[in-house]
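The values are calculated or read from the model by the stated rules, or taken from the named source; none is laboratory data. As the structure is a computational prediction, the values presented were derived from the model and not from experiment. In this analysis, Cβ positions are derived from the backbone assuming ideal geometry, glycine residues included, and neighbour counts consider all displayed protein chains. With ligands, DNA and RNA removed, areas are computed over all heavy atoms of the protein, side chains included. Shrake-Rupley method; radii C 1.70, N 1.55, O 1.52, S 1.80 Å.
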Amino acid sequence: MQKLLEKIYGHLPVWAQNVMCSVKGWTIDRKRFSKVFFHELERMKRREDDPDKLLRDFLALARDVPAYAKVFASGKGAKLDDFPIINKAYVKEHYEDFYNRAYKGETLIIHTSGTTGTSINIPQSQLFENRQWATWWRYREELGIKWGTWYGLFGCVGMVVPIEQKKPPYWRVDCAGRRIIFGTYHLTIDNVDEYVKEIERRHLTWIHGYASRILFLSRLIVEKGIPPLKSIRVVTTTAENLTPLIAAEIQKAFPNAIVRTHYGQTEGVANFSQTIEGDWRIDEDFAKVEFIPIDPKNPERCHIVGTNFSNPYFPLIRYDMGDIAIVKWQDCKPIVQGIEGRDNEQVTLANGMLVSTLMSYDIFCDQENVREAQLRVLNKGTELELLVVKGTKYTDKDESAILEKTRRHLKDEIKLSIRYTDQIPRAKSGKFRAVVVG
């Protein structure tokens, strides 16, 4: 059914695609931003919740979850240290054991692929979704963004603008979500002025999306000699690193903008946000975060290990995200300095298009039978190879789906292939890279 809708969408005129985007936006937002959301947002702004009590109550309900049965059977479970540290691979292997069957509220399933192309479905309570978005909107409002503000989105929302489109508009309008969805795979030096004209025509003051895509937009604006967009007041990024150097480069195109980011994920085990002053603040009333030094002799580089106490339906206790935080310790308390990992890996193809972590997320976000995947740019940018580690249930249907989805992101002149391996090589630092030049 989904593929049929995508085919129909691709053949519709632009105005009809705008209607479909708005309908989709409405179906998402009516639950995401329900009365519960606004109630939670007001409570979070007043910081009414006691994080310690939320954690204690959450650990108590874990008694009903098979994944933690051994902990409670041993007479433990009252504190975090009683639980082992787990990761995505472990959760996938014991997936059914993490459901809280005693939970009776409304639920939903969200896909995530993470930084290695390893897909997993995360069951969520509806309350969790409302609380997560309330946390994110608290951060936005503290940056001066008012609820209902229209914004330009340069992010991962699938192929909203068909890759075959050769002329403007390279964007679609979601009236329900009050956003202009810009086609990031169409953005080039030749047409960046069309994007700028639309931003100015819409009188947008806020841009949001992946740091790599907003950085690319900024570089093209500067390279083409387009005057800086002084009307943009806030730029927010998500899912990728926003280093001080990247923020400074973005501000060359948007000189009046506050450029900030936050750290969060579908699993909801950790959330921290940049304040208007640029400092990092941990959202302790949403999830419990531990910073565990990789090497006790160098305590500033820490594993991010979190507990999603806002999601009683699928409790993840001491879940290692696989990301590294740079932390300064003051009176034994962590002060986040930045995030290592989630790099903005991107390579320009021979035809001017970008291959990046964004494309990897798009392709593999719902591929549950893929353990890991990497995009490899070959032959001076004329070929893209998909390096894939199969899961035990991987079939020819998975291969067809992956190739079909990837081709939607590429123009015909780029050769596409897939190669299988038992393990994807890591960088010398041991870090996984989503995009490489082969």
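Structural remarks
- Given a 1.4 Å probe and the protein chains as shown, MET321 ends up with an accessible area of around 40 Å².
- Equivalent ellipsoid of region 152-231: semi-axes from √(5λ) of the C-alpha gyration tensor, largest first, are 18, 15, 12 Å.
- FRET efficiency for the pair CYS175 and GLU223, taken as 1/(1 + (r/R0)^6) with r the Cβ-Cβ distance and R0 = 51 Å, rounds to 0.95.
- Accessible area in square angstrom per residue, the chain, 1.4 angstrom probe: 47 Å²
- 21 Å Cα-Cα threshold exceeded, pairs from LYS88/LYS393; LYS79/LYS333; LYS53/LYS92; LYS31/LYS53: LYS53/LYS92; LYS31/LYS53
- Two-site FRET efficiency, GLU383 against LYS230, from Cβ-Cβ distance with R₀ of 45 Å, rounded to 0.05: 0.65
- Relative contact order for the chain: 16 percent, from Cα pairs under 8 Å spaced at least 6 residues apart, divided by residue count.
- Taking a ≥ b ≥ c as the square roots of the eigenvalues of the Cα gyration tensor, region 343-438 is classed as oblate, since a/c reaches at least 1.5 and a/b does not exceed b/c.
- Overall Cα dimensions of region 268-384 - principal axes, largest extent first, Å: 53, 34, 32
- Rounded percent of accessible protein surface that carbon and sulfur make up, the chain, 1.4 Å probe: 53 percent
- The residue among PRO51, CYS21, HIS11 whose Cα reaches farthest toward the positive pole of the charge dipole of region 1-107, with charges on the beta-carbon of Lys, Arg, Asp and Glu, is HIS11.
- The chain - share of DSSP beta bridges that are antiparallel (%, nearest 5): 65 percent
- Over the chain: helical MRE at 222 nm, DSSP H runs n ≥ 4 each giving -39500 (n - 2.57), nearest 500: -9000 deg cm²/dmol
- Taking the C-alpha atoms of the chain, convex hull volume expressed per residue in Å³: 156 Å³
- Per-pair calculated FRET efficiency, R0 = 22 Å: ARG202 and ALA16 via Cβ, rounded to 0.05: 0.65
- Partner aspartates and glutamates for LYS224 [C-alpha distance under 13 Å; skip if fewer than 8 residues away on the same chain]: ASP190, ASP193, GLU194
- Once the Cα-Cα distance is subtracted from the 0.36 nm per residue extended length, the LYS166 to ILE110 segment shows a gain of 16.9 nm.
- Estimated distance in nm for a label pair at GLU404 and THR392, the labels positioned 7 Å out from Cα along Cα-to-Cβ: 2.7 nm
- Oblate is the label for region 27-115, because a/c, from the alpha-carbon gyration tensor with a ≥ b ≥ c as root eigenvalues, is 1.5 or above and a/b does not exceed b/c.
- Relative contact order computed over region 117-183 (Cα-Cα under 8 Å; 6+ residues apart), in percent: 28 percent
- For region 204-272: rounded, prolate or oblate by the Cα gyration tensor [a/c cutoff 1.5]: prolate
- Counting 0.36 nm for each residue step from TYR90 to VAL347 and taking away their Cα separation leaves a gain of 89.3 nm.
- Intensity falloff of region 123-189 expressed as log10 I(q)/I(0), Debye formula with alpha-carbon point scatterers, at q = 0.17, 0.19, 0.26 Å⁻¹: -0.77, -0.88, -1.11
- Placing dummy labels 7 Å off each Cα toward the beta-carbon, the span from TRP26 to ARG43 is 3.0 nm.
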